[in-house]
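Here, each number is a calculation from the coordinates, and none is a lab measurement. Keep in mind the model is a prediction, meaning the values are calculated, not measured. Every residue, glycine among them, receives a Cβ derived from its backbone with ideal geometry; neighbour counts consider all protein chains shown.
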Amino acid sequence: MTFEPGVIPHEEGLHDDPYLFFFRGDEILVIEDAEGPKVPKAGFLEERGIRVPRDTIFIGTLDSVPCYLAVSEGLDIKESGLQDTRILFSGLRSLLGFFDDELFRTAGIASQTAYWLRTHRYCGRCGRRTVLSENERALVCSRCGLASYPRISPAIIVAITRNRKILLARSRRFRTGLYSVLAGFVEPGENLEGCLQREVLEEVGITVTDIRYFASQPWPFPHSLMIAFTARYSDGEIVPDPSEIVDAGWFDKDMLPEIPPHGTIARRLIDWFVDTKR
Ligand SMILES: [Zn+2]
């Protein structure tokens, strides 16, 4: 699958039955059959009596099929089974690993856009209602003209190794038992390396060296861009910051605790460590 983002629909695609990325709060409408969860097309929903809102927003094309975003706060769909097909709202995170990578990326874009629409209804400068621009992805104030664009929050994530061990930590936000690599948001005025050094020192009290870029991943919860690095331990003893970290330690690749699922960049970093530190 290939997603091409867009703001204005192509003429030739207008008559195709579009995919509908339909959000209620943070949850997306999916249809589920024996093959797993899918994003529905608008026609499928209409056939089943689910009214598609009029104010849908074009977000691009997936394999040339138009994709529209719809947001409904009030829609109540009975999670019903119809000929082995279920229609339900699902948290996007729980679809990780079930959707094709490109479909998950598209759903992530739709989710970030829906979040942005929900949180920028009014102008941040004068408080008047905003309206969607017709030629770019922007919400524009109907009085003072201030334009708001979808927000992206960069965050670093780092695999720190020390000889044949990796540093993993349990955040206060994690469910019980889960450990991962360290991560943190970039602050104004910081470059990525500076952010990385600060986060590592703040969260576990050590310094690192040999910082190398690894990969990046858009992470639509709600609007991050994760920029991943590897680094080597330099100095200090692990002292977790109790306001953020419950526990942290050096782990051998044969003695790993519960780690994040496939599809996350944290897991890619940990898999890289397992594959390279023999
Ligand atoms: Zn304004």
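I want to verify a result. In a Gaussian network model of the chain, Cα cutoff 10 Å, which of these has the top mean-square fluctuation: V246, V30, V204?
Ranking V246, V30, V204 by mean-square fluctuation puts V246 first.
Give the distance, in whole Å, between the Cα centre of the range 191-211 and the Cα centre of the range 36-52.
Answer, in whole Å: 47.
What do you get for the angle between helix 192-204 and the principal long axis of the chain? Use alpha-carbon atoms, 0 to 90 degrees, nearest ten.
The two axes meet at around 60 degrees.
If you plug each phi of the range 24-35 into the Karplus form 6.51 cos²θ - 1.76 cosθ + 1.60 with θ = phi - 60°, what whole-Hz ³J(HN,Hα) values come out, in order, with x for Gly and Pro?
For the range 24-35, the Karplus-derived couplings read 10, x, 8, 9, 10, 6, 10, 10, 10, 10, 4, 7 Hz, x marking Gly and Pro.
Listed highest first by mean packing, meaning other Cβ atoms within 10 Å per residue, what order do 93-104, 233-244 come in?
Ranked from most to least packed, the peptides come out as 93-104, 233-244.
Count the net charge of all other residues whose Cβ sits under 13 Å from the Cβ of D271, scoring Lys and Arg as +1 and Asp and Glu as -1.
Neighbour charge sum, excluding D271 itself: +3.
Apply the Debye scattering formula to the range 1-54, with a single equal point scatterer on each alpha-carbon and no solvent, then give log10 I(q)/I(0) at q = 0.13, 0.19, 0.21 Å⁻¹.
-0.40, -0.85, -1.01
Quick one: angle between helix 265-276 and the longest Cα principal axis of the chain, in degrees between 0 and 90, rounded to 10, please.
40 degrees
Mind listing the Cα extents of the chain along all three principal axes, in Å, largest one first?
Result for the chain: principal-axis Cα extents of 60, 52, 33 Å.
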